[in-house]
Amino acid sequence: MKRLIPTTLALLSLAIAPPLAAGTAPDHGHAAHGAALQLNGGRQWETDATLRKAMGEIRQSMAQSLHAIHENRLSAKEYGGLAKQVEGAVGAIVANCKLPPAADAQLHIVVADLLAGAEQMAGKSRQGRRMDGAIRVIGALDNYGKYFADPGFRPIAH
């Protein structure tokens, strides 16, 4: 499992690297390939237990740190820890989540934002601050709540 997560993250980074190199970094609600999030014929996309669990874990981690993020009190080490939690949850999603192809394609948009935010929180991105990475992750969580059917999921009030 420890080898699977870095390999999975490397494969995902390859999938988003060409657009990033071209200077078209994904924005909230947009995939690395320019596709925008959309509903499934006016309804939210289905989820599975793996996805709901992992997104709940990311939400909980971010919500617990929100006050410190807003007050600019989160250390680089703490941002790094949050980034690892996000990356670990995304690794679980990639390894175990089984969605129909259309829902999976929409999920990739959210995952791209989660990973980009985690990279920035970890200090691996030269653009923006670690706080901006946290904001990106929270935006991805908001999009997940809007576009995916997860009855127990609540957006983070920020």
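The values are calculated or read from the model by the stated rules, or taken from the named source; none is laboratory data. The shown structure was predicted, so the numbers you read here are calculated from the model rather than taken from an experiment. Every residue, glycine as well, gets a Cβ built from its backbone with ideal geometry; the counts of neighbours run over all protein chains shown.
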**Message:** Can you list residue pairs whose Cβ atoms sit under 9 Å apart, with the first residue in region 82-109 being more than 17 Å from Asp150 (Cα to Cα) and the second being of a type in the set (Lys, Arg) and part of a loop (DSSP other than H, G, I, E, B)? Count only pairs 6 or more apart in sequence or on different chains.
**Reply:** Ala83/Lys124
**Request:** Kindly provide the set of residues from region 100-158 that are at pLDDT 95 or above, in a loop (DSSP other than H, G, I, E, B) and under 14 Å from the mean Cα position of the chain (by Cα), ordered by number.
**Result:** Ala122
**Message:** Would you confirm whether or not region 124-131 contains a residue that is in contact (Cβ under 8 Å) with a residue 40 or more places away in the chain and either of a type in the set (Asp, Glu) or crowded, with 21+ Cβ neighbours inside 10 Å (or both)?
**Reply:** yes
**Message:** It is to be established whether one or more residues within region 86-97 are assigned to a helix (DSSP H, G or I), touching a Phe, Trp or Tyr at 6+ places or on another chain (Cβ under 6 Å) and among the hydrophobic types (A, V, I, L, M, F, W, C).
**Reply:** no
**Message:** Could you check region 136-158 and list, in sequence order, the residues that are of a type in the set (Val, Ile, Thr) and surrounded by 19 or more Cβ atoms within 10 Å (Cβ to Cβ)?
**Reply:** Val137, Ile138
**Residues within region 18-35 that are modelled with pLDDT of 50 or more and under 24 Å from Ala95 (Cα atoms), tallied** = 1
**Asked** Which one of Glu78, Glu57 is surrounded by fewer than 17 Cβ atoms within 10 Å (Cβ to Cβ), within 15 Å of the chain's Cα centre (by Cα), at pLDDT 95 or above and not in a loop (DSSP other than H, G, I, E, B)?
**Response** Glu57
